[in-house]
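Have a look at the structure below before the remarks.
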Ligand code: ADP
């Protein structure tokens, strides 16, 4: 298209040709002696005819060119308008997101604080509903923002190495409380041939899985949710992986299997109304999966359950594995482990984990089977037993074992749901370790290693302390925030951690406060009158000597991609988006203010029974 607008366009070429012909005609008329006699009479006429044809062609081409140029100009204008519209939409969404998050921080923060005050049962229920609605509204805002980012082509995927199994374990840890409320089993299996580290965008993969597993939990009332990761094909270091998320929920009618991936689409409005949702989760997931060069589809039978599949393309990557994800651990290799578990998915994942570490693992489904194995002389180094066995309780097996072996001779690990009612005293007497479900690889690994008497690779447990953070990590904290309600929320959150906070309303006041006395930490809003948080940070970094430099943490309703980077570029250390969660504040304070040697890499939930 561009060629047509170049100075040497087709009509110009025709013009040049015409001039050449005209010159030749005039030359042949004026100098007939230079023209062969056989051509001298016919040639001028032939050339004149050619000129006439070329003239008509030229007029036609020029008119076509004008029309095309006009269309091009229109398309350019339309493209410009569309680009402007996308920019306006993005600006509108950014403003909306900020304006909604600011009061949401007040609603969610205040509700959380209210929940910690004495209330009647009825009042607690009301407050709980406000809290849930607030959280739901936040999901809606996040989904809408994500969707608009995808539509505007503003979402870029990262390519960095990450540990796939750890990523899935994180999702299980995040969602297991919801699954347990409904007594649903939650288990995962990653095919052994799948590389331990892969390349990709871990945050976005987690978002897809959280949506699919979250939906499975949301729509399923009884049964189990299982996650499988299988290799589809691979060539060298390139892999195509397939993820499957299975549930035993209500299923999806055949005529809706395609449309649920469209935005704002729901398979069953009545069912969905009871369970809340934006109807955007699958549409966002589909876009993200397509960006990962994959597909998503679902198989489902009404009344039986659904199986969501999706694929991604990735590459094998290098990385340092946590010990619990390595194969053939010397302390476990060759050990005989008996797994007494009835749920097939859990059996599979316990068995795979033990086998991966090099153990010889046997699986049985009842206490009776376990006892008969031992009665015929099969000996074991460790027994893992689940509480929910068909027909009997694990106590039968535990008592049988303890009547023959001491805790040192044959360690016994009990796996139980968090709401398990086994009396503590019995548990302490019979079992070596107690693991609450869901059993992640890292916690199973730590329990097994402890049971086998080798704690060299076990993650150290955080020192259990009933002290509040402020009581053992005193800090001088300054809050720069202009919104009075958000000031109350932040100071109340910090007060719960035993911190007293000095509050200022803008960047100018923050600088003044810092000139009067040093602060260890500043929580800094981004948008404030007189001087915003970014400018204040730049000035603090420029003005104060190193020993008086505080840790500056953005606490902001600007939650779009790029906002965090802007804060870091201005010189802030970290970023917390509103609505502010007390856990996020505590974790950030620990991350920046605790000496490195005291920091925990990962909390351990396994409870050792002594
Ligand atoms: P929502 O936020 O409504 O869950 P999604 O885009 O995640 O939005 O899902 C779209 C619709 O697909 C849901 O409203 C529901 O009707 C259907 N759906 C998704 N997952 C499941 C599932 N595991 N079982 C049954 N229906 C499902």
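On a 0 to 90° scale, report how tilted helix 344-356 is relative to the longest principal axis of the chain, with both axes built from alpha carbons and the result rounded to the nearest 10. Rounded to the nearest ten degrees, it is 90.
Arranged by the count of other C-beta atoms within 10 angstrom, fewest first, what order do 592, 357, 297, 45 take? Walk me through the numbers before you get to the answer.
On the way: 592 16, 357 26, 297 13, 45 10.
Exposure proxy ranking, most exposed first: 45, 297, 592, 357.
Its residue count N sets the reference 2.2 N^0.38 Å, and the alpha-carbon radius of gyration of segment 289-347 equals 1.80 times that reference. Each part gets one Cα centre, and for segment 552-589 versus segment 468-490 those centres are 14 Å apart. Taking the number of Cβ atoms within 10 Å of each Cβ as an exposure proxy, the fewest-first ranking of 567, 347 is 347, 567. If you average the alpha carbon positions of segment 337-372 and of segment 521-545, how far apart do those two centres end up, in angstrom? If you average the Cα positions of each part, the centres end up 57 Å apart. The ellipsoid that matches the Cα gyration tensor of the chain has semi-axes, each √(5λ) in whole angstrom, of 64, 37, 24, with the longest given first. Computed from the Cβ-Cβ distance with R0 of 35 Å, the FRET efficiency linking residue 210 to residue 120 stands at 0.50. Only helical DSSP H runs with n ≥ 4 go in: add -39500 (n - 2.57) per run for the chain, normalise by residue count and round the 222 nm mean residue ellipticity to 500 deg cm²/dmol. Roughly -15500 deg cm²/dmol at 222 nm, from the helical runs in the chain.
Equivalent ellipsoid of segment 334-439: semi-axes from √(5λ) of the C-alpha gyration tensor, largest first, are 18, 17, 13 Å.
Shape of segment 93-171 from its Cα gyration tensor (a ≥ b ≥ c, root eigenvalues): rounded if a/c is under 1.5, otherwise prolate when a/b > b/c, or oblate? It would help to have the intermediate numbers written out before the result.
Working: a/c = 3.35, a/b = 1.61, b/c = 2.07.
Oblate, since a/c reaches 1.5 and b/c is not below a/b.
For segment 485-566, the extents of the C-alpha atoms along the principal axes are 32, 31, 21 Å, listed from largest to smallest. On full extension, the segment bounded by residue 318 and residue 82 gains 80.7 nm, given 0.36 nm per residue less the C-alpha separation. For segment 67-107 and segment 175-232, what is the separation of their C-alpha centers, rounded to whole Å? With segment 67-107 and segment 175-232 each reduced to a Cα centre, they are spaced 36 Å. Put in order of Cβ neighbour count within 10 Å, fewest first, the listed residues 447, 28 become 28, 447.
Placing dummy labels 7 Å off each Cα toward the beta-carbon, the span from residue 72 to residue 257 is 4.9 nm.
On full extension, the segment bounded by residue 369 and residue 13 gains 118.9 nm, given 0.36 nm per residue less the C-alpha separation.
Give me the log10 of I(q) over I(0) for segment 89-241 at q = 0.11, 0.12, 0.14, 0.19 Å⁻¹, as the Debye formula computes it from C-alpha points; what are the numbers? Each listed q corresponds, in turn, to -0.64, -0.74, -0.95, -1.25. Taking Cα atoms, how many degrees apart are the long axis of helix 202-219 and the longest axis of the chain, rounded to 10 and kept between 0 and 90? Approximately 60 degrees, to the nearest 10.
Expressed in Å, the radius of gyration and Dmax of the Cα atoms of segment 20-149 are 39.0, 120. Grouping the Cα pair distances of segment 179-218 into 5 Å bins from zero gives a pair-distance distribution of 6, 17, 19, 24, 18, 11, 5 percent in increasing distance order.
Laboratory data are not the source of any read-out in this text; all were calculated from the coordinates shown. Worth saying up front: this structure is predicted, and the values here are computed from it rather than measured. Using ideal geometry, Cβ is built from the backbone for each residue, glycine included, and neighbour counts are taken over all protein chains shown.
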